1. Which aspartates and glutamates does K234 reach when only Cα atoms under 15 Å apart count, and residues fewer than 8 places away in its own chain are ignored?
2. Given H placed on each backbone N at 1.01 Å, which residues far from E120 in sequence or on other chains put an amide H within less than 5 Å of it?
3. Hey, what number do you get for the chain at 222 nm if only DSSP H runs of n ≥ 4 count, each worth -39500 (n - 2.57), divided across all residues, to the nearest 500?
4. In whole Hz, with x marking every Gly and Pro, tabulate ³J(HN,Hα) for segment 32-38 from phi via Karplus 6.51 cos²θ - 1.76 cosθ + 1.60, θ = phi - 60°.
5. Once phi is turned into ³J(HN,Hα) by the Karplus curve 6.51 cos²θ - 1.76 cosθ + 1.60 with θ = phi - 60°, what whole-Hz value does each residue of segment 89-95 show in order, with x for glycine and proline?
6. Return one whole number: the accessible area per residue of segment 87-159 in Å², for a 1.4 Å probe.
7. Could you calculate the FRET efficiency of N59 with A288 from 1/(1 + (r/R0)^6), where r is the beta carbon distance between them and R0 is 35 Å, rounded to 0.05?
8. Per-residue accessible area for S351 at 1.4 Å probe radius, Å² rounded to 10?
Amino acid sequence: MSRPPGNLALAPFGTTIFAEMSALAVRHGAINLGQGFPDVDGPPELLEAAVAAIRGGRNQYPPGAGVPELLAAIAAHQRRFYGLEVDPEREVLVTVGATEAIASVVLGLCSPGDEVVTFEPYYDSYAATIALAGAVRRTSVLRFPDFAVDEESLRAAFSSRTRMVLLNSPHNPTGKVFSRAELELICALAREHDAWVVTDEVYEHLVFDGLAHVPVATLPGMWERTLTISSAGKTFSATGWKVGWVVGPAEAVAAARAVKQFLTYVASGPFQPAVATGLELGDEVYAALATSLQAKRDLLCEGLVRAGLPISRPAGTYFVVADAAPLGARDALEFCRALPELAGVVGVPVSVFHDDQEAARTLVRFAFCKRDEVLLSAVDRLARLASG
Ligand code: PMP
Ligand code: GLN
């Protein structure tokens, strides 16, 4: 065959960095602070609810939009934490993780040639999904160490073709929590250009230092043009369950559902009622997760600083970004490919989440959602590399 296999739209995107780095971790027996997943299970009630659902015969196709108790639990969660009134039947869609939510929304709302404004570094599936939709990515760079929104470049990213802004707060990979003023600027620009705001809030409950998560949909006048995406993966330390959701105005949710039905139709039968149980757990369960992760953030950040690395102290998520130049990094991708063998630690190069590679030439993302002894051992290894 003269033409190689592969969708041309996906040609620039090889294997995801998460797969590459997790494979390296296994090959070298290194500590994996690359891919963001916790190494302990979430609330036991959630796990038991999944077992009960499987034993109770919830093993066939769930309804297309999601099982009724999960739709109701998502609506109740939006009311309880954010005061939003959501119609569970028309304004919620359950997806296969936030990943399918992102794909369904981008493919559902964008036509070829539409522009999508996003920040870089961006979560890797954004770029690939925008490309699959035939849409065009327009970015504004968040720069180390404070990752503040740059108003001039953000304004310049908007045009008469802007269809949506794809935003993520708390932000992967930087750990940044967008300020209310930054969110308001983004929303003002979206309104000015009559664009949708798609807001990926998978880390909504992983916010530290007493900061409050501000959902875009709660800002004045924003419900009508906002689609909110979240997932059970982070909130309940169950990244392998892949139960996510989209919440927003009925017509836009229907547009996402139209795509989702042809991607997977449905999934996660027994996990859906289990996530409903999780969403109904008391506030103390949510608070305990944030408190525990904040302590882990401190542990890893202090260790990195002791090893001589400049860091950006994250206000949320699983991740901290450090400048690995003092460890000899010249190019973060090459450095991260060598690090498992050099030091027995895996990190992720931030440059792979950028169009502007120079903005993150020596920056590495490390995950702190790991047991304390694992983090301590990782910082020991990095300190040895630094002093060696
Ligand atoms: N968005 C962001 C910002 C993420 O970090 C992730 C992965 N953790 C996802 C989406 C995908 O979430 P899920 O695993 O629920 O598909
Ligand atoms: N979201 C996780 C991360 O950023 C993992 C995502 C994945 O494996 N695709 O590390």
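The values are calculated or read from the model by the stated rules, or taken from the named source; none is laboratory data. It should be emphasised that the depicted structure is a prediction, and the values quoted were computed from it without experimental measurement. No Cβ is skipped: glycine too gets one built from the backbone with ideal geometry, and neighbour counts run over all protein chains shown. Each accessible area value is taken on the protein alone, full model and side chains, heavy atoms only, with ligands, DNA and RNA left out. Shrake-Rupley method; radii C 1.70, N 1.55, O 1.52, S 1.80 Å.
1. D39, D41, D200, E201, E204
2. Answer set, sorted by chain and number: S140, V141, L142.
3. Working: 13 runs with 160 residues, N = 388.
So the helix-based figure for the chain works out to -13000 deg cm²/dmol.
4. Per residue, the Karplus-derived 3J(HN,Hα) values read 8, 9, x, 4, x, 8, x Hz.
5. 7, 10, 10, 9, 9, 8, 10
6. Working: 2530 Å² over 73 residues.
Ligands and nucleic acids excluded, the result is 35 Å² per residue.
7. Working: r = 31 Å, r/R0 = 0.90.
Efficiency, rounded to the nearest 0.05: 0.65.
8. Accessible area of S351: about 10 Å².
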